[in-house]
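Before any comments, here is the structure.
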Amino acid sequence: MNEDDFARSENDGVLGFYDADVDGKLSIIRGLLQTGHESVANKLLEEVKKECAPEEKGKVLQFARNKKIYKNQNRTSSS
């Protein structure tokens, strides 16, 4: 099973909305980070960085800087 299979099988309902705006994409990526799917989240974040409009670049870069916080939110909330 590769990442594409994972995206289709496990998150069909979530990633089906992935073609939304940048905020929607970042929300999905945050959810993936919080549920431990870091490799998929990283891949999607890199795509968003490349494809986003120049006026949204700052928001995406700020999200990338905070990625570790989002990843750790799941650990602290379940403790």
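Please specify each residue of the range 22-52 satisfying the condition of being of a type in the set (Gly, Ala, Ser) and buried (at least 20 other Cβ atoms within 10 Å of the Cβ). Talk me through it step by step, then tell me what you get.
At the first step, the residues of the range 22-52 found to be of a type in the set (Gly, Ala, Ser) are 24, 27, 31, 36, 39, 41.
Of everything in the range 22-52, just one residue is of a type in the set (Gly, Ala, Ser) and buried (at least 20 other Cβ atoms within 10 Å of the Cβ), namely 41.
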The range 1-43 - residue that is modelled with pLDDT under 55 and aliphatic (A, V, I, L, M) and, of those, farthest from the chain's Cα centre (by Cα): 1
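Given the condition outside any helix (DSSP H, G or I) and crowded, with 16+ Cβ neighbours inside 10 Å, answer yes or no: does some residue in the range 53-74 qualify? Walk me through how you get there before you give the answer.
Here is the first cut: in the range 53-74, the residues outside any helix (DSSP H, G or I) are 53, 66.
Then drop every residue that is not crowded, with 16+ Cβ neighbours inside 10 Å, which leaves none.
Within the range 53-74, not a single residue is outside any helix (DSSP H, G or I) and crowded, with 16+ Cβ neighbours inside 10 Å.
The values are calculated or read from the model by the stated rules, or taken from the named source; none is laboratory data. Bear in mind that the values here come from a model prediction, so they are computed numbers and not experimental data. Cβ sites come from the backbone with ideal geometry, for glycine too, and all protein chains shown count toward neighbours.
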